[in-house]
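One structure is given below, encoded as structure tokens.
The values are calculated or read from the model by the stated rules, or taken from the named source; none is laboratory data. Every value quoted in this text rests on a predicted model; they were computed, and no experiment measured them. Cβ placement follows ideal geometry from the backbone for every residue including glycine, while neighbour counts extend to all protein chains displayed. Calculation scope for accessible area: heavy atoms of the full protein, side chains included, ligands and nucleic acids excluded. Shrake-Rupley method; radii C 1.70, N 1.55, O 1.52, S 1.80 Å.
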Amino acid sequence: QVQLVESGGGLVQPGGSLRLSCAASGSIFSINAMGWYRQAPGKQRELVAFIASGGSTTYADSVKGRFTISRDNAKNTVYLQMNSLKPEDTAVYYCNAHVITIATMIPGDYWGQGTQVTVSS
């Protein structure tokens, strides 16, 4: 099995910064894409940022220029540096990884448990 463990959420004032981390562990053969999604109360889960195994990135328009996604392949870890945070960034942030497991050699999507980010004065 595969586990994704997120950390780094919390309460921050508007204009502040936070860095989220997500470490994947378990029966991993390889990890293709990794990404961050978020879900605000009463809204659907939405893609925030996405990074392919080769390093190419995709961002939601709402976070371009403020958020940066990166990954450490040796540690099976993905990061999300969030700067210039706004109240509308408040949400539960979920890590996602597209993993090929040793047991099955079949790719599958795995999710973390979520970490709360609250932007408020």
Within the bounds of region 39-47, is there any residue that is under 29 Å from residue 1 (Cβ atoms), of a type in the set (Asp, Glu) and either within 14 Å of the chain's Cα centre (by Cα) or open to solvent by 50 Å² or more (accessible area, probe 1.4 Å) (or both)? yes
Note down all Cβ pairs under 6 Å where the first residue falls in region 91-109 and is open to solvent by 70 Å² or more (accessible area, probe 1.4 Å), the second is among the hydroxyl-bearing types (Ser, Thr, Tyr) and part of a loop (DSSP other than H, G, I, E, B), and they're at least six residues apart or on different chains. 102/27; 103/27
Considering only region 111-119, I want to know if a residue exists there that is without any contact (Cβ under 8 Å) to a residue 40 or more places away in the chain and at negative phi. no
Report yes if some residue within region 109-117 is over 16 Å from residue 49 (Cβ atoms), over 15 Å from the mean Cα position of the chain (by Cα) and modelled with pLDDT of 95 or more; otherwise report no. no
Taking region 36-70 only, how many residues are of a type in the set (Lys, Arg) and more than 19 Å from residue 112 (Cβ to Cβ)? 2
Within region 59-67, can one find any residue that is modelled with pLDDT of 95 or more and either touching a Gly at 6+ places or on another chain (Cβ under 7 Å) or farther than 26 Å from residue 13 by Cβ (or both)? no
Leading residue by the ranking (farthest from residue 69 (Cα to Cα)) among those in region 17-38 that are small (Gly, Ala, Ser) and surrounded by 14 or more Cβ atoms within 10 Å (Cβ to Cβ): 26
